[in-house]
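Here, each number is a calculation from the coordinates, and none is a lab measurement. Worth saying up front: this structure is predicted, and the values here are computed from it rather than measured. Don't worry about glycine lacking a Cβ; one is built from the backbone with ideal geometry, like all the others, and counts go over all protein chains shown.
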Amino acid sequence: MRPFAAGLVLVLACLLVTIPAIGQAPAKGQTPPAVVTADALPDARAAAAALPALHSLIVSRRGEMLLEYYAPNHSRTRLANIKSASKSIIAMLIGIAIDRKLIKSVDVPIVAYFPELKKDPEPRKQTITIEHLLTMRSGLESTSGEHYGTWVGSRNWVRYALTRPMVSAPGTDMEYSTGTSHLLSAILTKVTKTSTHAFAQRVLAGPLGFTLARWPRDPQGIDFGGNEMLMTPRQMLAIGELWRRRGEVGGNGGNGTNGSGSGRRILPAAWVDTSCVPVTRSRYDSDRLYGQGWWIQTIGGHQACFAWGFGGQYIFVFRDLDTVVVVTSSTARSDERFDYRRSLFDLIARHVLPAVSS
């Protein structure tokens, strides 16, 4: 057989290999099938390869992988630090805890979990609710940006976050703060009587078919609630697929819009929907809207609900296109430097969305 013909046969054989269901473990006793790196979007792959800071790019439509790109020295099994995309995962866990009656509702004042606030000279702190934490509208001074180093260097992260001065009334202005999200992890630790990591493994990662890596804890042993989670790109894709399917995993592969996907429900559909409804916006960019732990922005004429981490760690969900896009990048510098973030969004707008929408 000529080399060209042999190569063609090999390619066709590879295309016949079934890609395993995203985030799903193979059946017990079954050997995992060979994995094909999908390449149905060559223009997007070429554009990704032209961005030195980009480590991986995955595109999936209706659960079918269209593109899986990894830069040299990176792979589907390499863990990525998803940075502040961790906040979206923590928000998902709060939704699960509420669904399991471990938390009454998002309207519960956090003083119920942090009674020390009753002694704080600022009475407005007693009106801060879980919903205010989820939407970054607690009113507490931020522990991010210039305050981040002092906060993570403190002896008690929870106490430091709670004792910040109020810069606005609860429920009004957005004050992006990693400490705010960390308070949610502390609440999960209290209500589940276990670690945030253990709870996440049991109710989220386990049902999605993967093992969640350990990530850092604060000095009191509370799992970091807003940064430093570790996931592989495919694990991030499993999270995005769960979001696309409105909280269901498995079933017939539909988007779950009518609740009849016959899959296992992990999150209430209403929680997913509410999380992607804008309630506030970034003070630095009015185009960046924020819901319950998830960002919302229009990209290429389509609304994206997404998790976002420093450097360019993204889980985009385009519900109208049944599409999930995962990006991991270098964490050496902000993705807003040298227009890298703009380049990523342009790549998606020009080379991904037109292809999946057609």
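Things to note:
- As a ratio to 2.2 N^0.38 Å, the alpha-carbon radius of gyration for region 86-228 is 0.99.
- Cα pair distances in region 205-358, grouped into 5 Å bins until the bin that holds the longest one, percent each: 2, 8, 16, 20, 21, 17, 10, 4, 1, 0, 0
- Over the chain: Kirkwood hydrodynamic radius from C-alpha pairwise inverse distances, Å: 21.1 Å
- Over the Cα atoms of region 196-253, the radius of gyration divided by the Kirkwood radius equals 1.02; this is the Rg/Rh ratio.
- Each Lys and Arg adds +1 at its Cβ and each Asp and Glu adds -1 at its Cβ; summed about the Cα centre, region 45-103 shows a dipole of about 120 debye.
- Calculated [222 nm] ellipticity per residue, helices only, for the chain: -8000 deg cm²/dmol; basis is -39500 (n - 2.57) per DSSP H run with n ≥ 4, divided by all residues, nearest 500.
- Lysine pairs in the chain with Cα atoms under 22 Å, if 8 or more residues apart or on separate chains: 14
- Lys, Arg +1 and Asp, Glu -1 on Cβ, resulting dipole of the chain about Cα centre, debye, nearest 20: 840 debye
- Cβ-defined net charge surrounding GLY171, 12 Å radius [Lys, Arg +1; Asp, Glu -1]: -2
- Selected from LEU184, CYS276, PHE199, residue furthest toward positive end of dipole (the chain; charges at beta carbon): PHE199
- Computed from Cα atoms, the angle from the helix 178-192 axis to the main principal axis of the chain rounds to 90 degrees.
- Order of GLU248, GLU146, GLU116, GLU131 under a 10 Å beta carbon neighbour criterion, fewest first: GLU146, GLU116, GLU131, GLU248
- A simple count of charges around ASP223, restricted to other residues whose Cβ falls under 9 Å of its Cβ and scoring Lys, Arg +1 and Asp, Glu -1, yields +1.
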